[in-house]
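> Here it is, the structure in full.
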Ligand SMILES: [Fe+2]
């Protein structure tokens, strides 16, 4: 199964300068998750989502320092089909990876996130990598199974991650692929 879908969106989705204002005086050696004000997103993106009965629910900016890995985790407290729309810049040598637990049973290692939700973290040896992808265009990613980020470059990796709701529910990965089908890379 493919856990990602790159897109070719013909309009600007957000204002990068506004997003980067959050990172003022950040320490490039540290990991960060900043909550992003939704005013950074373009009218075109909001209108497109609204036309499909969807809206941006919240957004975060992740920083992965040069040469570092983000731990294996699931974005929710149980495995699911949830997705994010991700935009990545900075590093030129980085991968988002997806994996499966080596053992059927694992001890949930639950952590609160800055947005008030929880994530399950795994130790490196508990997950076997099944897919690896370098995000270099807007990309729908599955975040309901174990995933992580590796940054092999000597530059910081920034990832603007958008959480979308369909009506009052979280948008699911397969539904998101349908929603963005006209913008799928390689579909034309
Ligand atoms: Fe995640």
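Readers should treat all values here as calculations from the given coordinates under stated rules, not as data from a laboratory. None of the values given here were measured: they were computed from a predicted structure. When we count neighbours, we look across all protein chains shown, and the Cβ atoms used for this are built from the backbone with ideal geometry, even at glycine.
> When you go through (1) assigned to a strand (DSSP E or B); (2) closer than 19 Å to residue 15 by Cβ one by one for residue 33, which number turns out not to apply?
With respect to (1) assigned to a strand (DSSP E or B); (2) closer than 19 Å to residue 15 by Cβ, residue 33 is out only on (2).
> Name the pairs: first residue in region 17-28 and touching a residue at least 40 places away in the same chain (Cβ under 8 Å), second residue part of a loop (DSSP other than H, G, I, E, B), Cβ to Cβ under 8 Å, at least 6 apart or on different chains?
What qualifies is 19/36; 28/65; 28/66; 28/156.
> Ok, one more. In region 13-60, which residues are more than 28 Å from residue 132 (Cβ to Cβ) and in contact with a helix residue (DSSP H, G or I) (Cβ under 7 Å, 6 or more places away or on another chain)?
The answer is 15, 18, 40, 52, 54, 55.
> Moving to a separate point now. Could you check, for region 132-144, whether at least one of its residues is crowded, with 20+ Cβ neighbours inside 10 Å, farther than 16 Å from residue 158 by Cβ and more than 12 Å from the ligand (Cβ to nearest atom)?
yes
> Any residue in region 107-115 that is in contact (Cβ under 8 Å) with a residue 24 or more places away in the chain and in contact with a helix residue (DSSP H, G or I) (Cβ under 9 Å, 6 or more places away or on another chain)?
Scanning region 107-115, I find no residue that is in contact (Cβ under 8 Å) with a residue 24 or more places away in the chain and in contact with a helix residue (DSSP H, G or I) (Cβ under 9 Å, 6 or more places away or on another chain), so the answer is no.
> In region 91-121, how many are assigned to a loop (DSSP other than H, G, I, E, B), surrounded by 11 or more Cβ atoms within 10 Å (Cβ to Cβ) and either within 12 Å of the ligand (Cβ to nearest atom) or at positive phi (or both)?
The total comes to 3.
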